[in-house]
Amino acid sequence: MTDPSPPVSSDISDSSPAGTIPGVHLQTAVGAGVLLVAAGLAFGALGIPGDAGYGGVGPNFLPWVCALVLAVCGAWLVWEARSGGYRAMAEPSGGDRADWSAAVWVSAGLLLNAALITTLGFILSCTLCYVLAVQGLRRAAGQPQARAPRTWGVDVITGLCISAPVFWVFTQFLAINLPGLTDTGWL
Amino acid sequence: MEILDALMAGFATAITPANLLWALVGCALGTAVGVLPGIGPAVAVAMLLPITAKVEVTASMIFFAGIYYGAMYGGSTTSILLNTPGETASMVTAMEGNKMAKSGRAGAALATAAIGSFVAGTIATVVVTLFAPSVAEFAVKLGPPEYFMLMVLAFTTVSAVLGQSRLRGMTALFIGLAAGCIGMDQISGAARYTGGKMELLDGIDIVLVAVGLFAVAEVLYAALYEGRVKDTQNRMGRVHMTRLDWKRSIPAWLRGTVIGTPFGCIPAGGTEIPTFLSYAAEKKLAKGDNKAEFGRQGAIEGVAGPEAANNATVTAALIPLLTLGIPTSNTTAVLLGAFQNYGINPGPQLFTTSATLVWALIASLYIGNLMLLVLNLPMVGLWVKLLKIPKPQLYAGILIFATVGAYGMRQSAFDLFLLYGIGVLGVLMRRFDFPTAPVVVGMILGPLAEAQMRNAVSIGEGSWLIFLQRPMSLALIVIVLAVLIVPRLLQRRGRG
């Protein structure tokens, strides 16, 4: 019971090739990031009133605890990274190298969706998100047909076929407010 | 007798046509979600949380509960056939189940998983029915110091016991607690970490965090690292168990249930420990030829036991959720969020103030388990077809549902940007092996724990000694320390 996750990784790794554990520098950077978060929390905590009322514990208590604990954790993570790497790391799934261009496609889909949803309406904005994301994922999978106009066309139609019914079900049946391009409730 | 009457009243509510339909849709959706890679029960419930604005509370809780345990049934199908366990709970099933499938016994593995889930789920529901009311009665006597320490216990187990590294678990927990601080402080009304943004005054919604960390991060991660990973699917045989399979499965189901149920009842969460314990027990108890099958052709006990343990734990985990308001997993944390959306705080009073709701929910567990057995045994072939959806389309489609969940909650495009940011955080956490459950549990339980702590210190008139002066709270402190120290000592002894 001491170590609840024994031999799994070796047993199931045959079909999902594991990537290598990120390098020492990246690990240090993550530790430093945690330190930065801690500093940000501490800075923010300065602005929270500490008036404790009857208790002895004010609204700034927990923020300070979080800042201090995260500072310790961040420093510790940096130390672990510098002294041989994080302890007891599981190998991450997937490839060694990040496919950044695929991630850019997916990110563009998500961010454009966030920026345009109120102007374009849910259906069109989500279709755009779908088309861009699926393009990125197709390229990541190395599909040769990803760039073909026909694939783009199919993706646009698929995107519409998912987002339109979703929009109708949620707005008409469940009365959830989602933005439309028009006020009709159908587009 | 009282319990039986209440349960019957619960059944009366649960079997109205509308509620039965919600249960059926929930179970079907849950199975689909469990089968599909890249999306789990926590995120499915989170994406659908906006419906709490319109759908009546009993119906939506029945619906969410259906998703919750439906996913457990579906998850085993994927891990047996695909060799990529959707969630930690089915990791053990993947070990033996996949070996069985590779040697042409997928049908028997699927059958023992589904029937075992049914047996364990039903027995654990009986335990919930019998014991939850008495736990609630006992819990009424607990004051803020005890509640706070119970929550600390939940924090400790979710961050320090589960997962590989205590340090990374703690980091994740405190990031969750810090995220829970954002917004208006509920006792004093002071704004914390809002940076003057109105959108942040209400805090960060649990939907955003769950959907961002699980769905968006999953899609980004797939694009970044998993494009070239090819899944291999095992052939499915006829779903059938021989007489010998039954003979070997039944004791394993029962042992799994006995191991799993207590783990669900204590606010210590996680299905990893009970499923691994059950696996180890089955391996140890097996004799002769059966023992030789472990790790080679795949032993049916190695699927039956852990699957039963898994479902028993998941069902029994409703006891701490309903009676104490303490979630011990991602999904129960999101379920707690669903209750909060209705202004209901699960806890000992729930059984008196919302008796109809609670008993209808418990009754729906019995009904749901039966529905799931039907959905998963004769119809398993249908669900397996879902595995044919190509990954790019599936993952891009998930983003559309993620948008519904994140935007539908507060109608704010700002939340969609935040969602993306949380998704990026999720990718980092996954690559660097930080557990995510502590973030979600910390964020949802953090504000409650903070309120209990501040009330407790008020009761102690500003003195922290209050936590040591009350016997229950002192006992809980000892348990927390034991949870932290004992495994380490055992480890050291094991090495020495």
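Just so you know, all these numbers are worked out from the coordinates, no wet-lab data involved. Since this is a predicted model, take the numbers as computed values, not measurements. Note that each Cβ is placed from the backbone with ideal geometry, even for glycine, and that neighbours are counted across all protein chains shown.
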Discussion item. If you average the alpha carbon positions of segment B:304-331 and of segment A:60-78, how far apart do those two centres end up, in angstrom?
Written reply: 31 Å
Response to the item:
Here the FRET efficiency for B:D5 versus A:H25, based on Cβ atoms and R0 = 60 Å and rounded to 0.05, is 0.40
Worksheet item: Can you list the residues of segment B:334-370 with backbone N under 20 Å from a point 7 Å past the Cα of B:M379, pointing along Cα to Cβ?
Response: B:364-370
Worksheet item: Where does helix B:413-431 land angle-wise versus the long Cα axis of chain B, in degrees 0 to 90, nearest 10?
Response: 60 degrees
Worksheet entry | Computed label-point distance, nm, for sites A:C161 and A:L112 using a 7 Å Cα→Cβ extension | 2.1 nm
Item to complete: Taking amide H positions as placed in the peptide plane 1.01 Å from N, state which residues far from B:M184 in sequence (5 or more) or on other chains have amide H under 5 Å from it.
Response: B:R192, B:G203
Worksheet item: Over what distance in Å are the Cα centres of segment A:124-187 and segment B:158-187 separated?
Response: 35 Å
Item to complete: Quickly estimate the mean residue ellipticity at 222 nm for chain B, helices only: each DSSP H run with n ≥ 4 gives -39500 (n - 2.57), and the total goes over all residues, rounded to 500.
Response: -23000 deg cm²/dmol
Worksheet item: In the structure shown, do any of B:K102/B:K283; B:K54/B:K388; B:K230/B:K388 have a Cα-Cα gap over 23 Å, and if so which?
Response: B:K54/B:K388
Discussion item. Between helix A:61-82 and chain A, what is the angle of the helix's C-alpha long axis to the longest principal axis, kept within 0 to 90° and rounded to the nearest 10?
Written reply: 90 degrees
Worksheet entry | Neighbour-count ranking [beta-carbon atoms within 10 angstrom, fewest first] of B:K54, B:K102, B:K385 | B:K385, B:K54, B:K102
Item to complete: Extending each Cα 7 Å along its Cβ direction at B:S134 and A:A175, get the distance between those two points in nm, one decimal.
Response: 4.3 nm
Response to the item:
Karplus-derived 3J(HN,Hα) from phi for segment B:324-338 (6.51 cos²θ - 1.76 cosθ + 1.60, θ = phi - 60°), whole Hz, x at Gly and Pro, runs 10, x, 10, x, 10, 8, 4, 5, 5, 5, 5, 4, 4, x, 5
Item to complete: Among the chymotrypsin sites (Phe, Trp or Tyr not before Pro) in segment B:91-184, which ones are in a DSSP loop with at most 15 other Cβ atoms within 10 Å of the Cβ? Mind listing them?
Response: none
Worksheet entry | Degrees separating the helix B:2-14 axis from the principal Cα axis of chain B, which is the longest one | 80 degrees
Worksheet item: How well do other chains shield peptide B:401-414, expressed as the mean number of their Cβ atoms within 10 Å of each residue Cβ?
Response: 5
Item to complete: Per residue of B:239-250, count partner chain C-beta atoms within 10 Å of its C-beta, then hand back the mean as an integer.
Response: 0
Worksheet item: With r defined as the distance between the Cβ atoms of A:A75 and A:T182 and R0 fixed at 60 Å, what FRET efficiency is calculated, to the nearest 0.05?
Response: 0.65
Discussion item. Counting only other chains, and only Cβ atoms inside 10 Å, what mean value do you get across the residues of A:22-31?
Written reply: 2
